[in-house]
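Remarks on the structure that follows.
Derivation of every value follows stated rules applied to the coordinates shown; laboratory data play no part. Since this is a predicted model, take the numbers as computed values, not measurements. Cβ sites come from the backbone with ideal geometry, for glycine too, and all protein chains shown count toward neighbours.
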Amino acid sequence: MKLAVAGTGYVGLVTGVCLAEVGHQVTCVDIDEMKIQQLKEGIPPIYEPGLTEMMQSNVAAERLRFTSNFQDGFEEADVIFIAVGTPQNTDGSANLTYVEEVAKNIASTAHKDTLVVTKSTVPVGTNNRLQEIINLTKLNPVKIEVVSNPEFLREGSAIYDTFHGDRIVIGVQSKEAAQQLEEIYEDFHIPIYQTDLRSAEMIKYAANAFLATKISFINEIANICERVGANVEEVATGMGLDKRIGSTFLKAGIGYGGSCFPKDTNALMQIAGNVAYEFELLKGVINVNRKQQIRLLDKLKQKYESLTNKRIAVLGLAFKPNTDDIREAASILVINELVREKANVIAYDPVAMDNAKQVLSPTVNFASTIEEALVEAEAVLIFTEWDEIKTIDLNVFAKMKTPFVLDGRNCFALESVKDFPFEYHSIGRPALNLESENLLI
Ligand code: UGA
């Protein structure tokens, strides 16, 4: 089967590469010519473990190609995946301009029956609307059916997730469409859950909102743990052993970031609001996350009345490990605030520094190693649980000007920190080696 994928962002590129990997003939289409040029040279525009190698080997096997010309990409395709961005409008709703543009391009190109598979996260009802747009604008008497196929992969483990997902959700209008999708996904050996268009669209938002809820819930428990002297990791483990609760997404920290949870929770608020439904629980989840993202800053300000000219080290900029993505990362939010408070910030991240440089004030300095970031620092704030950070020799902290460590991702076991001479605060766990009885809550 000949497949095309519109959009070479995270979802589109990973989908295209993985579909080629199981033997399909795939053309990835993007209007960004520079990106396409880069892809043709074998360089993915995103950092994702395993992606470069898999992409290059499929190009070499002539199963995967790239084009910036949609006609060239769509013309021969039996199935076209839409995986373009749905960025957030200022009111929190999803911007559907790119998705609709692709639908119109498909309608104007198709000269044979085509299946259009929407992978982009779109509000409930969008696929019906895309079907209407296509029906109204198609030039040839062909059958074009739109189906919904939301994506559940995570950045940083996108390839693994694509091949090991718990389920593939498809929202279809006909048996034929379902059969065609089953054929495409056959070699992934993942159970397929078939439903209607609107339910499939809702599954995506509900799943992300539920995961975000788990995170905000455990973060609130963590904040209470700090006050009552309990340890949130013990609590999460004990809770998670109950199969009805499950152990995943109960890791307390400085809240969720990235391009999905913040955007999708806001979009779901909009979807509910549009039908006059007040989604009280989700509103709380979003507010808790906002507060949690600045938790380390709050603690820092309890220690230092003024941050002016204080040298503050920041370790980890990406919104999570194994990605260079800094979108909605707590690190960026907090660094901007530190700069406003006239602190001298020196930051380090193994892969996200180039992206961070583009959005942060030029007064922020960047170190090429963890050790360099810590020189003369009066506090260090840890935002990402990179392996490189988690496996650091803890002696490095003792060399700071003021060995004061605020760990937003619980990178170190309390047991391993307790004998080192630095003050250590993490999330939802007892503080260690306090200079005074200041709990910093
Ligand atoms: C998320 C979902 O997990 C994917 O299933 C979904 O496909 C994707 O959004 C999307 O909609 O495209 P992603 O944003 O890549 O994936 O990353 P996650 O691993 O889910 O982490 C999101 C944020 O939550 C990160 O900032 C992470 O640090 C935080 N998190 C995650 C926690 O604070 N605690 C946890 O226990 C888990």
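Amide H to amide H, with H built 1.01 Å from N, residue 117 comes under 5 Å of 80, 81, 82, 147, counting only residues 5 or more places away or on other chains. Ranking 184, 402, 57 by how far each Cα lies toward the positive end of the dipole of the chain (charges on Cβ) leaves 402 at the top. Other residues whose C-beta falls under 14 angstrom from the C-beta of residue 74 contribute a net charge of -2, scoring Lys and Arg +1 and Asp and Glu -1. Amide H of residue 314 versus every other amide H placed in the peptide plane: which residues, excluding those fewer than 5 positions away on the same chain, fall under 5 Å? Amide H neighbours of residue 314: 346, 347, 348, 381. Comparing 6, 126, 90 along the charge dipole axis of the range 2-195, the residue lying farthest to the positive side is 126, per the Cβ-charge model. Within the straight-line cut-off of under 24 Å between alpha carbons, the lysines reachable from residue 310 are 291, 299, 301, 342, 357, 399, 401, sequence neighbours fewer than 8 places apart in one chain being disregarded. Seen from residue 401, the other residues with C-beta closer than 11 Å to its C-beta sum to a net charge of +1, counting Lys and Arg as +1 and Asp and Glu as -1.
The magnitude of the dipole of the range 203-291, with charges of +1 and -1 set on the Cβ of Lys/Arg and Asp/Glu and taken from the Cα centre, is near 200 debye.
Principal-axis analysis of the Cα atoms of the chain puts helix 261-274 at an angle of about 60° to the longest axis.
Centre-to-centre separation between the Cα atoms of the range 315-331 and those of the range 372-399: 16 Å. What separates the Cα centres of the range 218-280 and the range 24-43 is a distance of 37 Å. For the listed residue pairs 243/390; 214/390; 35/390, the alpha carbons are over 27 angstrom apart in 243/390; 35/390. When the chain is treated as a GNM with alpha-carbon contacts under 10 Å, the residue of 160, 98, 277 showing the greatest mean-square fluctuation is 277.
Label sites at residue 337 and residue 95, each approximated as a point 7 angstrom past Cα along Cα to Cβ, lie 2.7 nm apart. Placing +1 on each Lys and Arg Cβ and -1 on each Asp and Glu Cβ, with no other charges, gives the chain a dipole about its Cα centre of roughly 960 debye. Relative to the longest principal axis of the Cα atoms of the chain, helix 126-137 runs at roughly 40 degrees. 3J(HN,Hα) couplings calculated from phi for the range 378-394 with the Karplus curve 6.51 cos²θ - 1.76 cosθ + 1.60 (θ = phi - 60°) are, in sequence order, 9, 6, 10, 10, 9, 10, 9, 8, 4, 4, 4, 7, 5, 9, 5, 6, 5 Hz; Gly and Pro show x. Here the Karplus relation 6.51 cos²θ - 1.76 cosθ + 1.60, evaluated at θ = phi - 60°, turns the backbone of the range 328-340 into coupling constants of 6, 7, 4, 4, 5, 4, 6, 4, 4, 5, 4, 5, 4 Hz, with x for every Gly and Pro. Only helices enter the 222 nm calculation for the chain: every DSSP H run of n ≥ 4 contributes -39,500 (n - 2.57), and dividing by all residues gives -12500 deg cm²/dmol, rounded to 500.
Rounded to the nearest whole Hz, the Karplus-based 3J(HN,Hα) values (6.51 cos²θ - 1.76 cosθ + 1.60, θ = phi - 60°) of the range 238-251 follow the sequence x, 5, x, 5, 6, 4, 5, 9, x, 8, 7, 6, 10, 8, with x at glycine and proline.
Counted by Cβ distance under 11 Å from residue 16, the other residues give a net charge of +1, where Lys and Arg count +1 and Asp and Glu count -1.
If we sort 426-436, 339-349, 44-54 on the protection proxy, mean other Cβ atoms within 10 Å, highest first, what's the order?
339-349, 426-436, 44-54
Under a model in which nothing but the beta-carbon of Lys, Arg (+1) and Asp, Glu (-1) is charged, the range 254-307 shows a dipole of about 300 debye around its Cα centre.
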